[in-house]
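Enquirer: Next up is a structure, given as structure tokens.
The values are calculated or read from the model by the stated rules, or taken from the named source; none is laboratory data. Quick caveat: nothing in here was measured; it's all calculated off a predicted structure. Ideal geometry is used to build each Cβ from the backbone, glycine not excepted, and the neighbour counts take in all protein chains shown.
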């Protein structure tokens with residue numbers, strides 16, 4: 001069954017509690033956790049308190065890796081594979097690839113056999129700007145939400161580092 005989920009735009013990469021809502025505006029998931037150092041994790045809970053998915057940062061340096069869990073079972077490893085023209089993302093074990101315009105939050109997740117798993121885009125609603133995640137199979141929704149959070153984190157940090165201007169020269173205090 002195809003479902004659509006909404007995450008408020010300014011909330012996805014924040015170190016905060018983030019509500020994920022369905023197309024009726026009903027809260028369906030709660031995303032909690034933090035990023036930045038090895039071992040940090042985001043956990044996704046159903047509104048009844050059940051842990052449905054999580055993603056854990058396992059390496060922080062070049063070629064960051066994140067392990068994906070469905071419940072408590074490891075189901076995949078998300079890797080950012082650098083390319084000359086663009087970033088390429090691959091999720092081992094699930095055989096998912098992420099393609100599209102990551103910078104503008106318009107991308108899709110595909111299985112290697114070209115079946116679409118999820119499509120991400122931006123949406124403006126009366127209550128603000130949101131990310132819209134259209135997921136083909138409801139069972140994949142928790143993992144897709146975790147992947148979207150990581151991609152937004154990478155994009156946010158990439159922009160933050162591009163805006164940082166190094167201080168050149170010697171100064172005195």
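Enquirer: If residue 65 passes every condition in (1) crowded, with 17+ Cβ neighbours inside 10 Å; (2) modelled with pLDDT under 90; (3) over 30 Å from residue 128 (Cα atoms) but one, which one does it miss?
Expert: (1)
Enquirer: Looking at segment 82-101, which of the residues that are within 16 Å of residue 152 (Cα to Cα) and loosely packed, with under 15 Cβ neighbours inside 10 Å is modelled with the lowest pLDDT?
Expert: Among those residues, the one meeting the criterion is 86.
Enquirer: Which is farther than 17 Å from residue 4 by Cα and surrounded by fewer than 16 Cβ atoms within 10 Å (Cβ to Cβ), of 137, 104? Give the derivation first.
Expert: Working: 137 fails: farther than 17 Å from residue 4 by Cα.
Just a single option satisfies the conditions, and that option is 104.
Enquirer: Within segment 113-124, count every residue that is in contact with a strand residue (DSSP E or B) (Cβ under 7 Å, 6 or more places away or on another chain) and either modelled with pLDDT under 90 or more than 23 Å from residue 8 (Cβ to Cβ) (or both). Spell out the reasoning first.
Expert: If we filter segment 113-124 for residues that are in contact with a strand residue (DSSP E or B) (Cβ under 7 Å, 6 or more places away or on another chain), which is where we start, we get 116-123.
Keeping just the survivors that are either modelled with pLDDT under 90 or more than 23 Å from residue 8 (Cβ to Cβ) (or both) gives 116, 122-123.
Matching residues across segment 113-124 total 3.
Enquirer: Among the numbered conditions (1) closer than 21 Å to residue 128 by Cα; (2) under 15 Å from the mean Cα position of the chain (by Cα); (3) loosely packed, with under 15 Cβ neighbours inside 10 Å; (4) modelled with pLDDT of 80 or more, tell me where residue 27 comes up short.
Expert: (2)
Enquirer: Okay, moving on. Just the residues that are modelled with pLDDT of 80 or more, in contact with a helix residue (DSSP H, G or I) (Cβ under 7 Å, 6 or more places away or on another chain) and over 25 Å from residue 126 (Cα atoms), please, taken from segment 30-43. Even if it seems obvious, please write down each step before you answer.
Expert: So the first thing to find is which residues in segment 30-43 are modelled with pLDDT of 80 or more, and the list is 30-33, 41-43.
Filter again for in contact with a helix residue (DSSP H, G or I) (Cβ under 7 Å, 6 or more places away or on another chain), leaving 31, 42.
Passing the criteria: only 42.
Enquirer: Related question: Taking the stated definitions as given, is residue 76 at pLDDT below 90, in a strand (DSSP E or B), surrounded by 12 or more Cβ atoms within 10 Å (Cβ to Cβ) and touching a strand residue (DSSP E or B) at 6+ places or on another chain (Cβ under 6 Å)? Even if it seems obvious, please write down each step before you answer.
Expert: Details: at pLDDT below 90: no; in a strand (DSSP E or B): yes; surrounded by 12 or more Cβ atoms within 10 Å (Cβ to Cβ): yes; touching a strand residue (DSSP E or B) at 6+ places or on another chain (Cβ under 6 Å): yes.
No, not satisfied.
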